[in-house]
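Presented below is the structure to which this report refers.
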Amino acid sequence: MRRLLEQEDFGRAFAYFRGAEGELTAGDRRTLEPLLERARDKAAELARGASADRLLAGWQAEGLTPAEQRDKARLLANPALGELVAERIDLGEARRAREERAADRQALAEARQAVERGILVEGLPFAVSQRLSGWQRLALGRRARRIAAGDQPDSDPLLLYGLRRLAGYDPEHLAQLDLFTLARDGLDDRDFADLERLQAAVAARREGRAGAADLAFLDREEAVAQALSRQRALAERGAGPPTPANEPRAEALLDRAVRHRVEAEERRTGRPLDRAQLEDLVRELVARGGAGAVSPADPVPAETVPEGGAERSVRDGPWTAARGKTARERVYALTGADPAIDRSSLLPVSRDADGRIVATWPGMALDLLQSLLLPGHVAQGGDWSPDEATRMALDVGALGTGARAARVAAAGGKSVREALDASTLGMAGGKGRSLPTDEASRMARARQMGYEGGYYRGEASGARPASYPGGAHFSRERGYAAGFARQGGAEEPAEFMLRIEKSLAYEDAVTMSDWAELVRNARSRKEAQRLVNAAPIRGAWTVEQFLRLAEAGSEVVLMAGSMAWQLLKINADQPFALLRRAGYDAIDSGRDVLKLGPKGIRLRKAAFDPAKRESSDVLAAEPGSGPAGALLEADDRDRRRP
């Protein structure tokens with residue numbers, strides 16, 4: 001009996017028990033009954049497992065998606081079997097996700113090897129190329145051009161310092177980063193190799209497979225960080241040479257100089273430096289100004305604080321979206337709608353920035369809700385524009401009462417009542433309207449809607465989309481954009497006008513209030529703490545302490561926008577999504593602008609129809625009827641090669 005149960009031959013064990021039950025003593029039965037009870041539970045579990053496997057095999061043969069399989073599992077009459085099936089679906093999805101990530105990492109590794117051999121991105125095998133993301137292809141393209149030109153990138157000390165610090169306060173996040181895409185173009189060969197070694201050692205320790213070399217490397221990294229920290233503490237007490245204080249670039253240069261010197265000394269002596277030697281080396285470099293590499297960062301002028309920065313606060317608490325100051329922002333806050341999603345369709349579905357189909361509010365519904373909220377919004381002192389008042393008259397008039405639009409607008413305050421003039425009310429009553437399509441009229445409407453020109457974009461694919469659901473890059477340099485246009489068969493890039501409401505500009509200052517706003521909009525406490533840890537301020541701060549500190553010093557300049565973007569790429573789970581949640585709609589590097597969503601992008605030849613202000617159509621709508629529209633279309637065709 002015991003042997004059969006140990007072998008999980010439950011059928012024969014039960015049959016043997018039944019046949020020999022009359023020969024067993026009471027003591028034997030008391031001994032065997034608990035074993036048999038556990039065996040029955042185990043047999044039932046195995047039977048449920050077999051049933052679950054048969055069900056899943058059948059559903060997969062039918063082509064059901066995992067979501068559809070979960071729905072069917074919930075409807076099973078046996079709840080225990082349903083839970084087991086759902087668990088196996090989840091395990092299968094997790095296994096497939098791991099396999100996909102492993103395949104993606106392998107594809108990137110093969111692509112990197114090919115590029116290092118001089119192969120262009122366009123020459124990569126299709127099986128490799130199809131697994132690369134757009135950002136990875138861009139990074140590989142930059143690397144290929146550098147190799148072809150024999151160019152070596154200069155290391156960005158702030159990028160390097162930020163990633164090394166991340167290893168200290170969130171090694172798990174560092175282990176998951178795609179360092180090549182994030183940092184290869186910003187680090188020289190030596191620093192990038194050191195960083196990859198650090199990431200590999202961190203990942204190995206996290207997974208319990210670190211060898212002696214990995215542990216020794218990590219010990220040295222931690223010892224250097226501790227020596228630098230002790231030297232800063234001595235300097236603050238006046239017991240040692242001064243170290244850079246709250247000067248991120250100087251601190252980063254000192255950190256890099258110390259690590260390079262430690263590596264050189266250990267290579268020369270053939271053994272690791274002890275604590276006393278590390279302290280002496282750090283003290284020497286600090287006294288010499290980081291081996292000539294350390295100099296104070298250029299101060300950020302106070303007048304570059306972004307407009308309105310002093311008004312932003314963190315009183316709403318962590319991770320809560322502040323109520324918007326415009327009617328549109330209040331609509332987004334009320335509905336939970338994502339501002340970055342294209343809502344040009346009349347259907348309640350769209351595609352997100354990753355191209356997935358998602359359920360969403362149609363733009364028409366949000367427009368109508370905004371019009372209904374506008375009077376109360378204005379009465380409470382909220383911001384408004386004449387375009388919003390015009391749209392309100394159109395929307396409410398579309399419901400059948402132009403006169404009602406006037407009364408609703410009047411209830412919102414004198415400013416809105418004045419905006420609804422006779423011509424606006426006439427449109428609301430159903431009269432046709434015709435927008436002038438001459439250049440001067442269109443440019444006047446563009447300025448009133450907040451658009452500025454001078455941005456160019458070439459489509460390397462040769463096809464210009466009607467909208468950019470995930471945003472797009474634009475350049476102020478026509479010649480730079482022309483290079484992409486020629487790849488797609490066009491002689492010249494298209495000229496665009498952009499409406500930028502809040503940008504993270506490289507040359508502008510990022511204040512305590514700005515950074516606190518990003519911390520508040522983090523998706524998790526862990527992400528928020530990483531952002532706090534990354535902030536270039538002295539001391540260790542919790543999220544709550546940092547937010548209180550930001551309230552007291554909201555106008556204190558922390559860093560330039562370029563450094564803020566580097567820190568976001570390193571520490572945020574999804575930096576673009578975080579910026580959008582914090583109200584940003586663009587990243588401005590000086591030469592180029594990256595729009596973070598589909599709104600506020602128009603071709604220069606667009607109609608600039610105020611009634612379609614929120615449309616993501618780059619023409620919105622194209623003045624395609626009549627001679628003017630024909631001329632504009634001809635102008636666009638002339639930009640293409642025959």
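What the table below lists for this structure:
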{"item": "Residue match in the range 101-117 (condition: part of a loop (DSSP other than H, G, I, E, B) and either among the small types (Gly, Ala, Ser) or at pLDDT 90 or above (or both))", "result": "yes"}
{"item": "Selected residue (criterion: most open to solvent (accessible area, probe 1.4 Å)) from residues of the range 499-542 that are in a loop (DSSP other than H, G, I, E, B) and among the hydrophobic types (A, V, I, L, M, F, W, C)", "result": "ALA540"}
{"item": "Filter result (in contact (Cβ under 8 Å) with a residue 12 or more places away in the chain and either touching a helix residue (DSSP H, G or I) at 6+ places or on another chain (Cβ under 6 Å) or open to solvent by 30 Å² or more (accessible area, probe 1.4 Å) (or both)) within the range 164-176", "result": "ARG165, LEU166, ALA167, GLY168, TYR169, ASP170, PRO171, GLU172, LEU174, ALA175"}
{"item": "Hey, LEU228 among the hydrophobic types (A, V, I, L, M, F, W, C) and touching a Lys or Arg at 6+ places or on another chain (Cβ under 9 Å) or not", "result": "no"}
{"item": "Residue list for the range 585-598, restricted to those being open to solvent by less than 20 Å² (accessible area, probe 1.4 Å) and of a type outside the set (Val, Ile, Thr)", "result": "ALA586, LYS595, LEU596, GLY597, PRO598"}
{"item": "Filter result for the condition that a residue is touching a Gly at 6+ places or on another chain (Cβ under 6 Å), at pLDDT 90 or above and under 17 Å from TYR468 (Cβ atoms), over LEU596, LEU579, LEU567", "result": "LEU596"}
{"item": "Breaking point among (1) open to solvent by 30 Å² or more (accessible area, probe 1.4 Å); (2) closer than 30 Å to LEU549 by Cβ, for ARG476", "result": "(2)"}
{"item": "Number of positions in the range 479-497 that are surrounded by fewer than 20 Cβ atoms within 10 Å (Cβ to Cβ) and not hydroxyl-bearing (Ser, Thr, Tyr)", "result": "11"}
{"item": "Pairs, first closer than 24 Å to ALA233 by Cβ in the range 537-551, second of a type in the set (Asp, Glu) and open to solvent by 70 Å² or more (accessible area, probe 1.4 Å), C-beta under 9 Å, six or more apart", "result": "ARG538/GLU236"}
{"item": "Odd one out for GLN69 among (1) closer than 15 Å to GLN136 by Cβ; (2) of a type in the set (S, T, N, Q); (3) over 30 Å from the mean Cα position of the chain (by Cα)", "result": "(1)"}
{"item": "Subset of the range 64-99 [more than 18 Å from ALA50 (Cβ to Cβ) and not charged (D, E, K, R)]", "result": "LEU64, THR65, PRO66, ALA67, LEU75, ALA94, ALA97"}
{"item": "All positions within the range 436-487 that are part of a strand (DSSP E or B), more than 22 Å from ARG137 (Cβ to Cβ) and not small (Gly, Ala, Ser)", "result": "GLU452, TYR455"}
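For every residue, the table says whether it meets (1) part of a helix (DSSP H, G or I); (2) open to solvent by 70 Å² or more (accessible area, probe 1.4 Å).
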site: GLY27; (1), (2): yes, no
site: LEU46; (1), (2): yes, yes
site: SER51; (1), (2): yes, no
site: ALA77; (1), (2): no, yes
site: GLY82; (1), (2): yes, no
site: ARG88; (1), (2): yes, yes
site: ARG96; (1), (2): yes, yes
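The values are calculated or read from the model by the stated rules, or taken from the named source; none is laboratory data. Quick caveat: nothing in here was measured; it's all calculated off a predicted structure. A quick note on method: Cβ atoms are made from the backbone with ideal geometry, for glycine too, and the neighbour counts reach across all protein chains shown. Side chains included, ligands, DNA and RNA excluded: accessible areas come from the protein's heavy atoms. Shrake-Rupley method; radii C 1.70, N 1.55, O 1.52, S 1.80 Å.
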